[in-house]
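Contents: one structure, followed by commentary.
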Amino acid sequence: AMVTTKEYGDYELRVKWRFPAEGKGGNTGVLVHVQDDKYWPTSIECQLLTGRAGDLLLTNPPASKLTVEKARQDPKLERRFLRIEPK
């Protein structure tokens, strides 16, 4: 875990991840902009779930907020914003 009390903006975070069983996929994510120390903190999750990597999820909305084009909001799950597909 990486934790800091300093605030950052306009940054790029790069991570590498892999799942232990080849071909089985998995579910993980990176929490950014954590606002408290709850068991499941108010934050934005950068999703790394197999098939959904790149989506953004708000934990504990409306306390967690994100400004994203409305077209990227998942109609099935209001707190999920869909990844930008590569061209």
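The values are calculated or read from the model by the stated rules, or taken from the named source; none is laboratory data. The shown structure was predicted, so the numbers you read here are calculated from the model rather than taken from an experiment. Cβ: placed from backbone, ideal geometry, glycine included. Neighbour counts: every protein chain shown. Side chains are part of the model used for accessible areas, which takes the heavy atoms of the whole protein and leaves out ligands, DNA and RNA. Shrake-Rupley method; radii C 1.70, N 1.55, O 1.52, S 1.80 Å.
Scanning region 33-54 for residues that are more than 23 Å from residue 76 (Cα to Cα) and under 13 Å from the mean Cα position of the chain (by Cα) gives 33, 34. The set of residues from region 48-79 being touching a strand residue (DSSP E or B) at 6+ places or on another chain (Cβ under 8 Å), charged (D, E, K, R) and not in a loop (DSSP other than H, G, I, E, B) comprises just one member, 72. Taken together, the criteria place residue 34 among residues that are touching a Pro at 6+ places or on another chain (Cβ under 7 Å), surrounded by 11 or more Cβ atoms within 10 Å (Cβ to Cβ) and not basic (Lys, Arg). Figure legend. Inter-residue proximity from region 11-24: first residues under 16 Å from residue 54 (Cβ atoms) and part of a loop (DSSP other than H, G, I, E, B), second residues open to solvent by 100 Å² or more (accessible area, probe 1.4 Å) and modelled with pLDDT of 80 or more, beta-carbon distance below 9 Å, spacing 6+ or different chains. Indicated pairs: 19/27.
Within region 46-58, residues that are closer than 16 Å to residue 85 by Cβ and in contact (Cβ under 8 Å) with a residue 24 or more places away in the chain sit with their Cβ atoms under 6 Å from residues that are in a strand (DSSP E or B) and aromatic (Phe, Trp, Tyr), at 6+ positions apart or across chains, in these pairs: 56/81.
The residue list 5, 42 contains one member that is of a type outside the set (A, V, I, L, M) and open to solvent by less than 80 Å² (accessible area, probe 1.4 Å), which is 42. Within region 9-31, being among the aromatic types (Phe, Trp, Tyr) and either open to solvent by 60 Å² or more (accessible area, probe 1.4 Å) or within 20 Å of residue 84 (Cβ to Cβ) (or both) holds for 11, 17. Within region 25-47, the set of residues being acidic (Asp, Glu), within 12 Å of residue 59 (Cα to Cα) and assigned to a loop (DSSP other than H, G, I, E, B) comprises just one member, 36.
Residue by residue, here is whether (1) loosely packed, with under 14 Cβ neighbours inside 10 Å; (2) under 18 Å from residue 10 (Cα atoms); (3) not hydrophobic (A, V, I, L, M, F, W, C) holds:
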{"site": "62", "(1), (2), (3)": "yes, no, yes"}
{"site": "73", "(1), (2), (3)": "no, no, yes"}
{"site": "76", "(1), (2), (3)": "yes, no, yes"}
{"site": "81", "(1), (2), (3)": "no, no, no"}
{"site": "85", "(1), (2), (3)": "yes, no, yes"}
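Looking across region 29-65, the residues that are of a type in the set (Asp, Glu) and more than 17 Å from residue 7 (Cβ to Cβ) come down to 45, 55. Scanning region 54-87 for residues that are among the aliphatic types (A, V, I, L, M) and touching a Gly at 6+ places or on another chain (Cβ under 9 Å) turns up 57, 82, 84.
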